[in-house]
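Step one of this worksheet: look at the structure below.
The values are calculated or read from the model by the stated rules, or taken from the named source; none is laboratory data. Computed from a predicted model, the values in this text were never measured in an experiment. Here Cβ is always computed from backbone atoms with ideal geometry, including for glycine, and neighbour counts include all displayed protein chains. For the accessible areas, the whole protein counts, side chains as well, though only heavy atoms, and no ligand, DNA or RNA atoms are used. Shrake-Rupley method; radii C 1.70, N 1.55, O 1.52, S 1.80 Å.
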Amino acid sequence: MVSVAERLNTVISWVPDELGSDPAASSGPLAGVRIGVKDNIEVGGVRSTCGSEFFADRVAADDATCVSALKSAGAVITSTLNMAEFAVGVTSQNSASGGSVNPWDARRVPGGSSGGSGVAVAAGVVDVALGTDTGGSIRLPAACCGVTGLRPSTGVLDMSGIFPVSADFDTVGPLARTARQVRETFAVLAGSDVTGADTDSLRVAVPHPFVTDDIDPAIVDAITETVELIRRLGHRIVECPVPHSESAQDVVYTLIYSDLAREHAERLRDEPTRFQAATRERISLGLTISDEQRAAAVRQRDMFRSAMSEMFSDVDVVLTPAMPVDVPQIGVGEAVVAQARRMGQLTYPWSLHDGPTLALPVGVHPSGMPIGAQLTAARLREGTVLALAEQVQEHSDWHLRLPPVRVSSDV
């Protein structure tokens, strides 16, 4: 019988028992929790392909720092998970191992680039997954697959043993069914608990429009219902625009693509055809970015972050949709770059911010696919977004919905 993991193409490598856990840590805070890690996060002795033909036979010498932390907490690393090649892609279809599919509808994408991570959690292949997020690569799969995923503040977690996209924006973070599971995993990764955050009468901003106002009406309705729930929970809804949001996506693109072009310069020059076509198309965008354009983008980044610091002196959390559109069908719709811009329209601006953003499910589209929201807070305020998300999940059940293709049905 074909397993759920095979049907969804979510696993690249299964981790042997002797390489996936620390016998001395069997009673840690994550004891027995099954964790899969995106295939750009190294597990010593296991293939680490980054979803690419270039690294098809690459075996990691050591555990990434985050993997070591999880093992020390008693977790069991079961698998490395499928992804967009070199973490470049919002659909996760550009993998040398073939694309993952969404457990809610196999005709639809799982989001990217941590698509296998979102799929594995939603389908119950693992309890928790690690993904990486540069422009939305944890939050988009969380939204597409109906799970909860955290992009932590940049620089908080050690990125050693994780293949880079863009050092200024790269983060690693957990995806799980619930905000509580995300919090417990993040506490292990960060080395300190984030419970006890004061969430009495938070000031929650809901900026309209955010970036643009061309949001799917069903998504607007789900966000509106979430706003009303947050209001009923005793929090104050305030109007506060996000400064410079209209240019933020372009700034992030300039910096990330210039970094990608530098990282892959030799591969692009010597063996360009070994890339997946969609990966090559996007990475090549960086070849035309000049030093002057990059320097201007750095100045705009700093201006945006300064404005965010001021904004978060007036509000505690900003609530926005995670995606402006329904989960796209595989191979249908816009060209690669246009689709990436559209799907990442609401995640990329928060990548320019250096604080945390949490994606969580808040509704169901008429198509039957999950709808996700984002909660963003000031730098190092992970506890605030996680506590608010836990409150929301205590009073709603979107996070408890199960997709039709899942491990429990594969018996």
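For the chain, the per residue solvent-accessible surface stands at 37 Å², with DNA, RNA and ligands left out and a 1.4 Å probe. Based on Cα contacts under 8 Å between residues 6+ apart, the range 11-400 shows a relative contact order of 18 percent.
Packing-wise, with mean Cβ within 10 Å as the measure, how do 71-84, 160-173 rank, highest first? Present the calculation step by step, with values, prior to reporting the outcome.
Numbers: 71-84: 25.9, 160-173: 21.1.
Order by mean packing, descending: 71-84, 160-173.
Ranking 220, 319, 171 by Cα position along the charge dipole of the range 11-400, where only Lys, Arg, Asp and Glu carry charges on their C-beta atoms, puts 220 farthest toward the positive end.
Using a 1.4 Å probe and counting only protein heavy atoms, arrange 299, 294, 282 so the residue with the most accessible area comes first. Kindly include the intermediate steps, with their values, before the conclusion.
On the way: 299 150, 294 55, 282 10 Å².
So the residues, ranked largest to smallest area, are 299, 294, 282.
With Cα atoms defining each centre, the range 59-127 and the range 178-229 are spaced 23 Å apart in the structure. Beta bridges per DSSP, both residues in the range 11-400: antiparallel share near 70 percent.
Over the range 36-136, what is the relative contact order in percent, taking alpha-carbon pairs closer than 8 angstrom and at least six residues apart? Please list the in-between numbers first.
On the way: 219 pairs, mean separation 26.5, N = 101.
Normalised by residue count, the contact order of the range 36-136 is 26 percent.
In this view, the solvent-accessible surface of residue 274, computed with a 1.4 Å probe and all protein chains in place, comes to about 70 Å². Distance distribution P(r), the range 11-400, all Cα-Cα pairs, bin width 10 angstrom from 0: 5, 26, 36, 25, 8, 0 percent. Helical runs (DSSP H, four residues minimum) scored at -39500 (n - 2.57) apiece and divided by the length of the chain put the mean residue ellipticity at 222 nm at -10000 deg cm²/dmol.
Across all directions, the average flat footprint of the convex hull enclosing the Cα atoms of the range 115-236 is 9.0 nm².
The magnitude of the dipole of the chain, with charges of +1 and -1 set on the Cβ of Lys/Arg and Asp/Glu and taken from the Cα centre, is near 400 debye.
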